[in-house]
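Written below as structure tokens is the structure these notes are about.
Each value in this text was obtained by applying a stated rule to the coordinates, not by laboratory testing. These numbers come from a predicted model, not from an experiment. Virtual Cβ from ideal backbone geometry, glycine too; neighbours counted across all protein chains shown.
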Amino acid sequence: MLPKLITSLPGPKARAVIARDDQLISPSYTRSYPLVAERGEGAIVEDPDGNRFLDFAAGIAVVATGHCHPKVVEAIQEQAAKLIHMSGTDFYYENMVVLAEKLAKLVGGGLPGSVSRRVYFGNSGTEAIEAAIKLARFHSGRGQFVAFAGAFHGRTMGSLALTASKSTQQKGFFPVMPGVHHVPYAYCYRCAYGKSPDSCAVECVKAIETELFRTKVPAQEVAAIFVEPIQGEGGYVVPPRKFFDELRSLADKYGILLVADEVQSGMGRTGKMFASQHFGLEPDVITLAKGIASGMPLGAMVARAELMDWKPGAHASTFGGNPVAVAASLATIELLEQGLVDNAGLIGARLMARLGDLPQRIPIVGDVRGLGLMIGIELVRDQVTKERAGDLRDRLVQMCFERGLLVLGAGPNTIRLCPPLVINKDQADFAAQTIEDCLRLLM
Ligand SMILES: Cc1ncc(COP(=O)(O)O)c(C=O)c1O
């Protein structure tokens with residue numbers, strides 16, 4: 001199915017919803033354009049006026065199996081009729097154990113003899129991160145953290161301290177959790193050390209030891225390094241493999257835990273179940289949310305079993321691992337394994353084949369990068385100076401909406417493509433063509 005617009009946007013019914021929303025809903029939300037969603041099916045979203053959109057935003061990289069996949073809906077309905085809530089923190093129920101077994105196996109690569117894992121369940125990405133922060137402190141007895149410029153790990157006081165994406169997310173909230181130190185990410189298109197990926201010596205990781213640990217933060221006080229295998233909100237930035245090799249060695253050298261935040265990059269989006277697998281990265285802790293349950297609220301923190309030495313009462317959440325969300329997650333993972341992860345790889349490659357050479361054809365495109373269905377297109381005013389073109393990016397997002405394609409920005413001047421993993425070739429081609437047409441109009 002492809003988009004079909006039958007009214008001007010927003011249509012009358014959508015406008016009425018927006019007017020009421022404006023009176024009541026927290027103004028802290030960031031709506032890029034006036035889309036009102038009434039129903040969704042696969043990669044298509046319909047508004048109350050009957051306009052159909054192709055969803056390349058997927059509820060911010062959440063609906064991995066598409067909107068309302070019949071198998072996910074069935075799993076939710078069946079579970080809701082049986083048991084909606086019990087609180088896994090105080091009682092037992094089997095489907096939470098089944099999901100933990102599944103996640104532990106997936107994170108361990110499913111290999112016999114691979115390290116055993118334990119799982120903590122929360123309701124969101126930020127809760128998975130908070131759990132990782134607390135576990136790292138508890139287990140190590142150390143208080144400080146390293147994170148990366150451009151990172152997004154969430155908006156609660158611990159995860160917000162790790163976040164360094166936009167200062168509006170921090171403004172007015174100081175002090176957040178102390179003890180977090182940000183260093184440059186392997187953003188090779190804009191290398192902080194002026195190097196190129198082929199010849200660099202991974203200066204961005206070396207500097208953690210030679211600068212940060214030498215001058216300011218004793219390595220022995222660092223509990224964990226938090227890293228997104230592909231930076232999400234920061235602009236869909238894909239580092240080279242050697243970045244992770246160096247990071248792993250550094251962490252091992254100083255007994256620091258390496259936490260891979262796969263909240264956005266996980267659950268098949270990149271063409272592998274976890275983006276870490278593209279880089280041979282074996283984190284000590286992995287955080288998951290977003291795509292894990294196709295839109296039901298669920299987050300998970302999966303750690304090497306021996307790290308989870310905290311005691312009853314140390315950490316929990318009333319709703320974490322709710323049976324209905326867990327049922328949705330089990331159905332989601334089955335669909336991912338039965339073909340959607342492969343589809344993400346295949347359709348992602350098709351999109352990259354269409355879009356990868358945009359910088360050669362369109363001067364306002366500086367860089368196109370991504371893995372699977374996690375693709376970023378960075379807009380610049382000039383390919384040589386790489387001056388960021390945030391205004392053009394915002395206009396591109398708007399123009400796509402006006403043509404029935406839902407995309408979101410990431411970072412100051414990048415659009416991200418993060419469709420549901422169910423998209424087909426025609427939908428991918430429509431999106432690629434629409435984006436290219438809009439870019440040409442912006443040139
Ligand atoms: C990498 C990453 N970590 C954490 C989060 C926070 O997730 P949530 O919004 O579910 O709290 C996000 C959300 O965008 C994310 O992309």
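Using only helices, what value at 222 nm comes out for the chain when you add -39,500 (n - 2.57) per DSSP H run of length 4 or more and divide by the total residues, to the nearest 500 deg cm²/dmol?
Mean residue ellipticity, 222 nm, calculated: -10000 deg cm²/dmol.
Explain nothing, just compute: Karplus ³J(HN,Hα) = 6.51 cos²θ - 1.76 cosθ + 1.60, θ = phi - 60°, for every residue of segment 306-314 in order, whole Hz, x for Gly and Pro.
The phi angles translate into 6, 6, 7, 9, 6, 9, x, x, 5 Hz.
Please report, for the Cα atoms of segment 341-414, the Rg to one decimal and the Dmax as a whole number; what are they, in angstrom?
Radius of gyration, then largest Cα-Cα span, for segment 341-414: 12.6, 38 Å.
Computed FRET efficiency, Cβ-Cβ of GLN338 and ASP252, R0 41 Å: what is it to the nearest 0.05?
Efficiency computed from Cβ-Cβ geometry: 0.70.
So how far apart, in nm, are the two label points at TYR29 and SER167 if each is 7 Å from Cα heading toward Cβ?
Going from the TYR29 label point to the SER167 one covers 2.8 nm.
How long is the gain from GLU211 to LYS13 if the chain were fully straight, where each residue apart is worth 0.36 nm and the alpha carbon distance is subtracted?
Gain on stretching GLU211 to LYS13: 65.6 nm.
Hey, fewest Cβ within 10 Å first, where do SER159, SER124 land in order?
Ordered by Cβ neighbours within 10 Å, fewest first: SER124, SER159.
Could you quote the convex hull projected area for segment 71-336, Cα atoms only and averaged over all directions, in nm²?
Seen from a random direction, the Cα hull of segment 71-336 projects 14.5 nm² on average.
Ranked highest first by average number of other Cβ atoms within 10 Å, how do 215-224, 77-86, 403-412, 239-248 line up?
Averaged packing, sorted descending, gives the order 403-412, 239-248, 215-224, 77-86.
Exactly which trypsin sites (Lys or Arg not before Pro) in segment 22-76 are in a DSSP loop and have at most 12 other Cβ atoms within 10 Å?
Here the sparse-neighbourhood loop sites are ARG31.
How many angstrom lie between the C-alpha centres of segment 151-190 and segment 19-51?
28
Residue by residue, what Karplus-based ³J(HN,Hα) values in Hz, rounded to whole numbers, does segment 176-189 have, using 6.51, -1.76 and 1.60 with θ = phi - 60° and x for Gly and Pro?
Once rounded to whole Hz, the list reads 8, 4, x, x, 9, 10, 9, 10, x, 7, 7, 9, 5, 5.
With charges set only on the Cβ (+1 for Lys and Arg, -1 for Asp and Glu), what does the dipole of the chain come to about its Cα centre, in debye to the nearest 20?
The calculated dipole for the chain is roughly 580 debye.
Mind ordering 93-102, 362-371 by average Cβ neighbours within 10 Å, highest first?
The densest-packed peptide leads the list: 362-371, 93-102.
List the residues, sorted by chain then number, that are 5 or more residues from ALA224 or on another chain and whose placed amide H is less than 5 Å from its amide H.
Residues meeting the amide H criterion: VAL146, LEU257.
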